[in-house]
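Heads up: the structure comes next, in structure tokens.
Just so it is clear, none of the values below were taken in a lab; they were calculated from the coordinates. Remember, predicted model here, so these are calculated numbers, not experimental data. No Cβ is skipped: glycine too gets one built from the backbone with ideal geometry, and neighbour counts run over all protein chains shown.
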Amino acid sequence: MANHDFAADIDAIVFDVVGTLVDEDATLAEVARRVADAVGVGDTAELHRRWTTALDERMGAVVSGAEPWRPHRELVADAATDAITGLGATPSAETHALVSSVDRLYRAWSDVADATARLRRGRLVAGVSNGDLDALARLANTNRISWDVALSTGTVHTFKPAPDAYRYAVEALALEPARTLFAAAHPWDLRAAAEFGFRTAYVARPGAERPTADDRFDLAVDNLAELYDVLG
């Protein structure tokens, strides 16, 4: 639990979006189920696993410099194709349409609308995501997410956890990392943010990776209501 001095030292909160503010795992699992039905794949869980693994690999190749940057939605679509063909099925116009619907199907966790609105009363609140900017705008509108601005790492042609993604947030918003709390459900995201000087808050979400025994974050909360209670 943070003390009053910690809360007073935080001027801004930067949220990861997909997974932290909206339910990534359930959305991809549902779309994977629909895709599996469309192509006749019986093992929906395996299709889902292959899809997310392929997406992580494609994004990782961009971060490492092995592949050039492309919009996030293109990598999502390519990863889905990899998963479908890897199971011996054939993508179709229907599956392409299903995969392209992912951005519109994300739903915020139940605590997000109220907590982000309350947190904005005293601090700058921003979202920083690997998602495309237009998708972030629609996602916020659909889910009543309150933030002062959303930034897409696509603007600087990379993805988190590349250092340029965090540098972009700092420079675009004139942030002081030591007075900015980076909140995410992904320990890998928080580790990279901490390397850039951000304070960190781990937000536990179903389906997301859990911290290791070696992880050290400034805060660990079960939801955003608890984050608000800590920060006041």
Handout entry: Cα→Cβ-extended label distance, 7 Å offset, between residue 7 and residue 46, nm
Key = 5.1 nm
Completion exercise
Residue span residue 114 to residue 223: 0.36 nm per residue of separation minus Cα-Cα distance leaves a gain in nm of 38.1 nm
Exercise for the section: Give the calculated FRET efficiency between residue 37 and residue 157 to the nearest 0.05, with a Förster radius of 41 Å applied to their Cβ-Cβ distance. Expected result: 0.70
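Going by how many other Cβ atoms sit within 10 Å of their own, how do 67, 24 line up, fewest first?
Ranked by crowding around the Cβ, least crowded first: 67, 24.
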Exercise for the section: In a Gaussian network model over the chain where Cα atoms closer than 10 Å are linked, find which of 72, 186, 96 has the largest mean-square fluctuation. Expected result: 96
Fill in the blank from the handout: One finds, for residue 67 and residue 134 with R0 = 22 angstrom and r their Cβ-Cβ distance, a FRET efficiency to the nearest 0.05 of 0.45
Handout entry: Loop GluC sites (Glu not before Pro), the stretch 142-232, which have at most 16 other Cβ atoms in a 10 Å radius of their Cβ (DSSP)
Key = 209
Practice task
List every DSSP H helix in the chain whose Cα atoms extend 27 Å or more along the helix's own long axis and whose mean Kyte-Doolittle hydropathy is at least -1.0.
Solution key: 44-64
Handout entry: Fewest-first sequence of 13, 145 by Cβ atoms within 10 Å of each Cβ
Key = 145, 13
Problem - Positive-end residue, the chain charge dipole about Cα centroid, Cβ charges, pick of 72, 161, 47 - result: 72
